[in-house]
Every structure is written in C-alpha cells, then in structure tokens.
Amino acid sequence: MVIVALTGGIGSGKSTVARMFQDEGAYVIDFDFLARVVVEPDKPAWRDIIDYFGPEILSPDRTLNRSALAEIVFSDDESRKALEGLTHPRIFEESDALIEAIKRKDPSSVVIIDLPLLFELSLNKKFDKIILAYVPRAVQLKRIVERDGLAKEEVEKRLNAQIPIEEKRSFSDYIIHNEGGLNDTRNQVRKVIHELEDLARKEGGDSKCC
Ligand code: ADP
C-alpha cells in the first residue's frame, strides 16, 4: 500500500484532481471532511474546544460557530495552534481507522489523502509521496474569483496566507499541471496512478505512513 498526500493552493485544482484519482481507482480520504466530522456535537474534540474557548463559540443548535471560531484563530496564533492541537490528533485517528480498513480489504492499494494545508502544517514527512496540483498564481487568482465570486483583493489576501505554490513544487514528488484543459490533467493523473500502483504492489502492506 502507498499513502500519498495530495495538496495544492486554493484554486489550483486539488479537488478536481482528487476526483480524477478516485475515478482511476484510488481511495481518497478528504481531510477537510474529517475535520468537520471530528467536531460534531458531543464528539471528544467538540468538548475539548468548548473547554478551551468557552460555550460562547457554540451556535444555538450546539454546532460550533465556525465564523466566530475562525475570527479568533485567524487573528491569534496561539489560539490557532491550540485548536489544531485539539483537532489534528482526532483527524489522524479517523484517517488511520479508514486506512486500516482499506489495508485489510486491499493491501496493495493507493490511498490519496486530500490535505490542502500539508506544507503549512508541516505534515509532509508523514507520507510516502506527495502530489501537488499546480497552476501558476495568476491562474489560481482567476479561477477562485470565478468559482467563489470573491473580489480580487480578498483572493489575494487568502493566497498570501498560504505558502506560495512555487515553493511547494520543490517539496513534491509529482506535479500535476492543471493550467491546461481537463483532458490534459486527466492524462497526467493516469500516468501518476500507474506509477503509484506499481509502487503499491512492490511495497505490499509496508507504508511508512500513519
Ligand atoms: P481547489 O480544490 O484546489 O481549490 P478546484 O478543483 O475547486 O480547486 O478548482 C478551482 C476552480 O477551477 C473550479 O471552479 C474548477 O472547476 C476549475 N478548474 C479546475 N481545473 C480546471 C481546468 N483544468 N481547466 C479549467 N478550469 C478548471
């Protein structure tokens, strides 16, 4: 089995590329989805977050008030680190359980972990390989403006909060160039999945990850 992180920058096509890997037979685990699951009401991370931030970060329906929490953690590094410390171990518990289940079923599978902030969270060492969904920054900007209907300045702000995509290139094993058409991207995905499948067969159940 090989466990591969798929990352990118906002608007670089990570979700599009993740879907293509799934179409080609890879198992895809979505960290953003797991991050929402672990903070559902009454889950351990939900309790820990209330203990730390206080009950005022709850909405009337007892779910976390995401915008209130985001406002706190994006303006205060210590709070952000605390929140990560409460949620990340739980997210990894969930993904480890999924990986274990996949390994039992299909020991030489390719598992793609869709992890937007891989480098920002210094998680890159945990994986066998890293794939970057890449487009130049100008294309990121244009696609996010079109996708989310945001002002250019707002997108610039979000892009500036991430490690520049050019920097991520040098730390990645595979770069999927997504600035062309979708067919071109799919062809690259097919080439990469074939290489990963070969690797998975060689490694058997022996991944360094998780
Ligand atoms: P991310 O998950 O990295 O934020 P998405 O996969 O959502 O990025 O892609 C951002 C936007 O660009 C989406 O609206 C998507 O449909 C579009 N897009 C992705 N890849 C391509 C492509 N190769 N050509 C044109 N548009 C694309």
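Per-residue counts of other Cβ atoms within 10 Å, averaged by peptide: what ranking do you get for 180-188, 22-30, 59-67, 110-118, highest first?
110-118, 22-30, 180-188, 59-67
Would you mind working out the accessible area per residue for the chain, using a 1.4 Å probe, and quoting it in Å²?
Per-residue value: 54 Å².
Compute the signed sum of charges (Lys and Arg +1, Asp and Glu -1) over the other residues within less than 12 Å, Cβ to Cβ, of THR63.
+1
Return the calculated 222 nm mean residue ellipticity for the chain, to the nearest 500 deg cm²/dmol, obtained by summing -39500 (n - 2.57) across DSSP H runs with n ≥ 4 and dividing by the residue count.
Dividing the helical sum by the residues of the chain leaves -17000 deg cm²/dmol.
Express the carbon and sulfur contribution to the solvent-accessible surface of the chain as a percent, rounded to the nearest whole number, probe 1.4 angstrom.
For the chain, the apolar C and S fraction of the accessible surface comes to 51 percent.
Can you give the net charge of the other residues whose Cβ lies under 12 Å from the Cβ of ALA45, counting K and R as +1 and D and E as -1?
Neighbour charge sum, excluding ALA45 itself: -3.
Which of rounded, prolate, oblate describes the stretch 48-160, given a ≥ b ≥ c as roots of the alpha-carbon gyration tensor eigenvalues and a/c under 1.5 marking rounded, otherwise prolate only if a/b is larger than b/c?
Oblate.
Would you work out if the stretch 163-208 is rounded, prolate or oblate? Take a ≥ b ≥ c from the square roots of the eigenvalues of the alpha-carbon gyration tensor; rounded if a/c is under 1.5, else prolate when a/b is larger than b/c, oblate otherwise.
Oblate, because a/c is 1.5 or more while a/b does not exceed b/c.
For the stretch 1-83, rounded, prolate or oblate, judged on the Cα gyration tensor with a ≥ b ≥ c (square roots of eigenvalues), a/c < 1.5 rounded, else prolate if a/b > b/c?
Here the stretch 1-83 falls in the prolate category.
For the stretch 2-201, what proportion of DSSP beta bridges, expressed in % and rounded to the nearest 5, is antiparallel?
Around 5 percent of the beta bridges assigned by DSSP in the stretch 2-201 are antiparallel ones.
Taking the stretch 2-201, how much of its Cα-Cα pair set, in percent, is spaced more than 20 angstrom apart?
Of all Cα-Cα distances in the stretch 2-201, 61 percent exceed 20 Å.
The values are calculated or read from the model by the stated rules, or taken from the named source; none is laboratory data. Being a predicted model, the structure only gives us computed values, none of them experimental. Quick reminder, even Gly has a Cβ in these numbers, built from the backbone with ideal geometry, and neighbours come from all protein chains shown. What goes into the accessible areas is simple: the full protein's heavy atoms, side chains included, and nothing from ligands, DNA or RNA. Shrake-Rupley method; radii C 1.70, N 1.55, O 1.52, S 1.80 Å.
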